[in-house]
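All remarks here apply to the structure that follows.
The values are calculated or read from the model by the stated rules, or taken from the named source; none is laboratory data. In this text the structure is predicted, and so the values were computed from the model without any measurement. Virtual Cβ from ideal backbone geometry, glycine too; neighbours counted across all protein chains shown. Protein only, heavy atoms only, side chains kept; ligands, DNA and RNA dropped before computing areas. Shrake-Rupley method; radii C 1.70, N 1.55, O 1.52, S 1.80 Å.
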Amino acid sequence: MINTLNTLVRKVPNWLLYLVGATYPAWLLYAGFTGGLGVDPVKAMEHALGKVGLQVLIAVLLISPLRRFTKFNFLSWRRALGVIAFFYILLHFLVWMVLDVQIISQVKADILKRPYIIVGMISLLILLPLALTSNNLSIRKLGPRWRKLHKMTYLAVALGGVHYIMQTKGFEYEPYIYLAVVLGLIAIRKLPKKRAGHPAKRQAA
Amino acid sequence: MAHRWTNDLTHDDVTPKSAYLNRRQLMAGMAGLGLAALAPKAQAASDLTPTDFDVITQYNNFYEFGTGKEDPAKHAHRLTTQPWSIKIDGMVDRPGDYALSDILSKMTIEERLYRFRCVEAWSMVVPWNGFELKDLLDLAGVQSSAKYVAFETLYRPDEMIGQKSPFLDWPYVEGLRLDEANHPLTLMATGLYGKDMPKQNGAPIRLVVPWKYGFKSIKSIVRITLTDKEPPTSWNKSIPGEYGFYSNVNPEVDHPRWSQASERPIGGGFFAKRIPTLKFNGYEKEVASLYDGMDLRKNY
């Protein structure tokens, strides 16, 4: 069963993942113009892109523990999911800047002095080089440094969770649950491995 | 005493400047001499265009029904508003439970087209129906020792399902200084667009203080207490560094997390342009004197 699923997962071409990923913002845009996002489509789109971006990043963080603790293997999706998540977060920022705040002096002021914006910006800036190096050429060129660089994902996603908590008004459970899941997925990687070597490698072979 | 403050709701008229000035003179006369009853009703329209009814009723912060903007429209139907009474107590000559129907039989309902500015930097223009808070306070007879008015929203978690969450310390409470409460702009609203107050907007009766951020305009009021001490207010209790007692609309004093210099009018779709926020939400002439000598940066 698992093997069949893993085979199917591997067979999904990357372009299909990117296509599916791109339909979401396109749908948001369509819904926003046709009333599907309520009376304030700007905020609705801004929040949806941020939240779904965080969710996709969480999915990215889930791939390696899934491989380790179950036999599900979504490794072949990880790059595409990471790039799609970056794309959502970038759009989240652009909607905030262009459609929400609009006034460029106010955008600058917010980026420089609002702590929750600063945290979000740092997260986005960390994701930028990761997205730019999500290709085979970069992996070859950077060698062992590539793995090191891409471990920054943990920090970026954690900051995304913190950014989500910081923008709430009263007390809400949801953003704390997100951060707890993110921190849990990072911590789980620190669990001691039962045997030497990389069990995932054998599985993937 | 109705019609102390007047505006005109026929918004599709263009405002002749002379008439607009006339309205200002009316205001000045009112503030200075209390002659509003003698002043003629302003002839001209305000230049405000009311936000669509559907927008006003589908985009609400009424956390008693959930934290999403659409939650109140979804969940407020559970609220039962009949019978309804307001307990008026504290420093008043005639404390007691005032049935809303009795109150309304003594009041003249007016229409007031007000700007509405949320602390979250969005805004609407709302044609409210209601009566001045002062008229209600006069019914109860405010004692000379009273300095503040405290308000309380209904607490009924079975109907107001948001109250089951610890989002805020329920019930919601708000307060005004007595001179703010007595100001002719301060309205007890019972409807909008000539209809009974929609439940998601604070049925059956809510406060509207147009020169303050929206959260001061407490909804579904069940208790009003006259006191000599500054009453606690919900958002100030929750995040004191962000929300003060006064909460006057002020483009010069930023919220710690965003600028208050401009606002997004709701209802304009994706490309609605921001507009500059006006001091005291455009009611500076009418209310600025209430805060003479006060540091509005400290008393945010």
- Item | Translational D in µm²/s for the range B:50-291 (Stokes-Einstein at 4 °C, 1.567 mPa s, Kirkwood Rh from C-alpha pairs) | 72 µm²/s
- Item | Extension gain, residue B:295 back to residue B:196 (0.36 nm per residue minus Cα-Cα distance, nm) | 31.8 nm
- Going down the list A:169/B:216; A:113/B:279; B:69/B:219, which pairs span over 18 Å between their C-alpha atoms? A:113/B:279
- Query: Are any of the pairs B:134/B:298; B:87/B:298; B:195/B:285; A:141/A:194; B:147/B:285 more than 26 Å apart by Cα-Cα distance, and if so, which?
  - Reply: B:134/B:298; B:87/B:298; B:195/B:285; A:141/A:194
- Task: Kindly provide the helix-only [θ] at 222 nm of chain B, computed as the sum of -39,500 (n - 2.57) over DSSP H runs of four or more divided by all residues, to the nearest 500 deg cm²/dmol?
- Result: -4500 deg cm²/dmol
- Message: With an 8 Å Cα cut-off and a minimum separation of 6 or more residues, compute the relative contact order for chain B in percent.
- Response: 18 percent
- Query: In degrees, nearest 10, range 0 to 90: what is the angle between the Cα axis of helix A:152-166 and the longest Cα principal axis of chain A?
  - Reply: 40 degrees
- Task: Report, in deg cm²/dmol and to the nearest 500, the calculated mean residue ellipticity at 222 nm for chain A, where each DSSP H run with n ≥ 4 adds -39500 (n - 2.57) and the sum is divided by the residue count.
- Result: -25000 deg cm²/dmol
- chain A - percent relative contact order, Cα under 8 Å, separation 6 or more: 21 percent
- Query: In whole Å and largest first, what semi-axes does the C-alpha gyration tensor of the protein assembly as shown yield when each eigenvalue is scaled by 5 and square-rooted?
  - Reply: 53, 24, 20
- Take every Cα pair under 8 Å in the range A:7-120 that's 6+ residues apart, average their separations, divide by the length, and report that relative contact order as a whole percent. 28 percent
- How far apart, in nm, are the 7 Å Cα→Cβ label points at residue A:29 and residue B:229? 5.8 nm
- Query: Where in the range B:187-214 does the label zone of residue B:164 land, with the point 7 angstrom along Cα→C-beta and an amide N cut-off under 20 Å?
  - Reply: B:200
- Task: Report residue A:162's accessible area, 1.4 Å probe, all protein chains in place, as a number in Å² to the nearest 10.
- Result: 50 Å²
- Task: With r as the distance between the Cβ atoms of residue B:97 and residue A:165 and R0 = 41 Å, compute the FRET efficiency 1/(1 + (r/R0)^6) and round to 0.05.
- Result: 0.45
- Note on the structure: In this structure, the FRET efficiency calculated for residue A:70 and residue A:155 from their beta-carbon separation, with R0 = 41 Å, to the nearest 0.05, is 0.95
- Item | Two-site label geometry, residue A:125 and residue B:270: point separation in nm, points 7 Å out along Cα→Cβ | 3.0 nm
- Taking Cα atoms only, helix A:115-132 is inclined relative to the longest principal axis of chain A by an angle, in degrees rounded to 10, of 40 degrees
- Message: If the only charges are +1 at each Lys and Arg Cβ and -1 at each Asp and Glu Cβ, what is the size of the charge dipole of chain B around the Cα centre, to the nearest 20 debye?
- Response: 340 debye
- Note on the structure: log10 I(q)/I(0) for the range B:160-300, Debye formula on C-alpha points only (no solvent), q = 0.10, 0.18 Å⁻¹, two decimals, reads -0.38, -1.29
- Task: Please list, in chain and number order, the residues 5+ apart from residue B:85 or on another chain whose amide H is under 5 Å from its amide H, with Hs placed from the backbone.
- Result: B:100
- Query: Roughly speaking, what is the stretch gain from residue A:140 to residue A:9, that is 0.36 nm per residue apart minus the C-alpha to C-alpha distance, in nm to one decimal?
  - Reply: 44.7 nm
- Mind giving me the nanometre distance, one decimal, between the label points for residue B:82 and residue B:2, set 7 Å out from Cα along Cα→Cβ? 2.1 nm
- Along the range B:94-109, what does the Karplus equation 6.51 cos²θ - 1.76 cosθ + 1.60 (θ = phi - 60°) give for ³J(HN,Hα), rounded to whole Hz, x for Gly and Pro? 10, x, x, 8, 9, 5, 4, 4, 5, 4, 5, 5, 9, 10, 9, 7
- Note on the structure: Whole-Hz Karplus couplings 3J(HN,Hα) for the range A:169-180, θ = phi - 60° and coefficients 6.51, -1.76, 1.60, Gly and Pro as x, run 9, x, 8, 9, 5, 3, x, 5, 5, 4, 5, 4
- So what's the angle, to the nearest 10 degrees on a 0 to 90 scale, between helix A:14-33 and the longest Cα principal axis of chain A? 20 degrees
- In whole Hz, what ³J(HN,Hα) sequence does the range B:54-71 give by Karplus (6.51, -1.76, 1.60; θ = phi - 60°), x for Gly and Pro? 4, 6, 4, 9, 10, 9, 9, 9, 9, 5, 4, 10, x, 8, x, 5, 8, 4
